[in-house]
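**Student:** Can you read through this structure? Questions will come right after.
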Amino acid sequence: MTDAIHFCASDSPPAQAALVRLKRRYGGVAVERARVIVALGGDGFMLQTLHRHMKRGLPIFGMNRGRVGFLMNRFSEGGLAARIARARPAVVHPLAMEASDAKGRVSRALAINEVALLRAGRQTAHLAISVDRKLRVKELVCDGVLVATPAGSTAYNSSAHGPILPLGAGVLALTPISAFRPRRWRGAILPRDSQVRIEVLEPERRPVNVAADFVEVRRPVRVTVREARDLRLTLLFDPEHDLEDRIINEQFAP
């Protein structure tokens with residue numbers, strides 16, 4: 001396996017130093033010849049790596065040279081081939097976002113964590129939310145709303161008090177951000193094949209921006225979000241640190 005690893009690293013000094021040492025020890029190949037990618041950095045770099053190589057279908061084994069490292073394994077130079085061989089796969093599907101502006105221009109992007117709409121001015125956003133073409137929230141007065149994958153449910157979604165979703169649950173989180181009205185609505189858990197459509201009410205007076213991971217679209221009037229089932233991303237985790245366990249553990253974190 002060590003003759004088919006492509007190594008990549010973030011720009012941080014710890015990640016770059018680890019990259020030099022691992023390449024010296026194991027060699028490494030160009031990504032076109034690789035059977036697995038080893039990513040060195042933090043969660044942000046893991047997301048970048050997943051996006052960069054999304055169409056290749058290669059499994060990615062991350063090692064933490066960043067801060068939180070929720071999507072990463074612990075860093076160790078030794079026994080890399082054995083670790084990769086016994087690693088457990090975690091399969092995630094990104095979200096496909098389509099945003100239309102007032103002039104009819106359409107922007108598309110993919111998100112591994114979440115698609116988030118946020119107010120772009122001093123006034124609250126007024127949004128209408130439909131699920132599978134059925135209007136569910138006639139008017140949500142809020143700072144924003146997001147749709148999160150299970151893998152992303154422990155990130156922004158969690159800080160917005162959304163539910164943490166087990167990886168294999170087959171659901172998505174629809175979570176309001178600082179909702180003012182309806183006062184009692186705290187979001188929804190939706191089947192993974194749902195299509196969420198968000199209409200921006202009063203877009204000139206109450207504009208929003210939408211972000212799909214690293215891609216931001218300014219002032220859309222309509223956003224649709226669905227799971228891209230045709231894209232399959234595989235992360236590899238040490239048995240003692242697999243992603244499913246980490247997500248479950250987050251539900252019991254103090």
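**Student:** Tell me which residues, restricted to region 195-229, are part of a loop (DSSP other than H, G, I, E, B) and closer than 25 Å to residue 44 by Cβ.
**Tutor:** First, the residues of region 195-229 that are part of a loop (DSSP other than H, G, I, E, B): 195, 202-207, 213-214, 219-221, 228-229.
Answer for region 195-229, where residues must be part of a loop (DSSP other than H, G, I, E, B) and closer than 25 Å to residue 44 by Cβ: 213, 214, 220, 228.
**Student:** Here's a follow-up. Since residue 41 meets every condition but one in (1) at positive phi; (2) surrounded by fewer than 21 Cβ atoms within 10 Å (Cβ to Cβ); (3) not aliphatic (A, V, I, L, M), which condition does it not meet?
**Tutor:** (2)
**Student:** For region 127-147, how many residues meet the condition of being charged (D, E, K, R), buried (at least 16 other Cβ atoms within 10 Å of the Cβ) and either assigned to a strand (DSSP E or B) or in contact with a Cys (Cβ under 6 Å, 6 or more places away or on another chain) (or both)? Talk me through it step by step, then tell me what you get.
**Tutor:** Start the filter on region 127-147 by keeping residues that are charged (D, E, K, R), which leaves 132-134, 136, 138-139, 143.
After this cut, where a residue has to be buried (at least 16 other Cβ atoms within 10 Å of the Cβ) as well, the list is 136, 143.
Then keep just the ones that are either assigned to a strand (DSSP E or B) or in contact with a Cys (Cβ under 6 Å, 6 or more places away or on another chain) (or both); that gives 136.
Total satisfying the criteria: 1.
**Student:** Answer yes or no as to whether residue 208 is over 16 Å from the mean Cα position of the chain (by Cα), among the β-branched types (Val, Ile, Thr) and assigned by TED's automatic domain parsing to the domain that holds residue 132. Even if it seems obvious, please write down each step before you answer.
**Tutor:** On the way: over 16 Å from the mean Cα position of the chain (by Cα): yes; among the β-branched types (Val, Ile, Thr): yes; assigned by TED's automatic domain parsing to the domain that holds residue 132: yes.
Yes; evaluated as a whole, the condition is true for this residue.
**Student:** Something else about it: Those residues that are more than 20 Å from residue 35 (Cβ to Cβ) and over 15 Å from the mean Cα position of the chain (by Cα), I need them from region 45-67; list them, please.
**Tutor:** Residues satisfying the conditions are 64, 65, 66, 67.
**Student:** Does residue 67 satisfy being without any contact (Cβ under 8 Å) to a residue 60 or more places away in the chain, over 21 Å from residue 247 (Cα atoms) and either out of contact with any Phe, Trp or Tyr (no Cβ under 8 Å at 6 or more places or on another chain) or surrounded by fewer than 16 Cβ atoms within 10 Å (Cβ to Cβ) (or both)? Before you say what the answer is, go through the steps one by one.
**Tutor:** Details: without any contact (Cβ under 8 Å) to a residue 60 or more places away in the chain: yes; over 21 Å from residue 247 (Cα atoms): no; either out of contact with any Phe, Trp or Tyr (no Cβ under 8 Å at 6 or more places or on another chain) or surrounded by fewer than 16 Cβ atoms within 10 Å (Cβ to Cβ) (or both): yes.
Here the answer is no, as residue 67 does not meet what is asked.
The values are calculated or read from the model by the stated rules, or taken from the named source; none is laboratory data. All values reported here derive from a predicted model rather than from experimental measurement. Neighbour counts run over all protein chains shown; Cβ positions are idealised from the backbone, glycine included.
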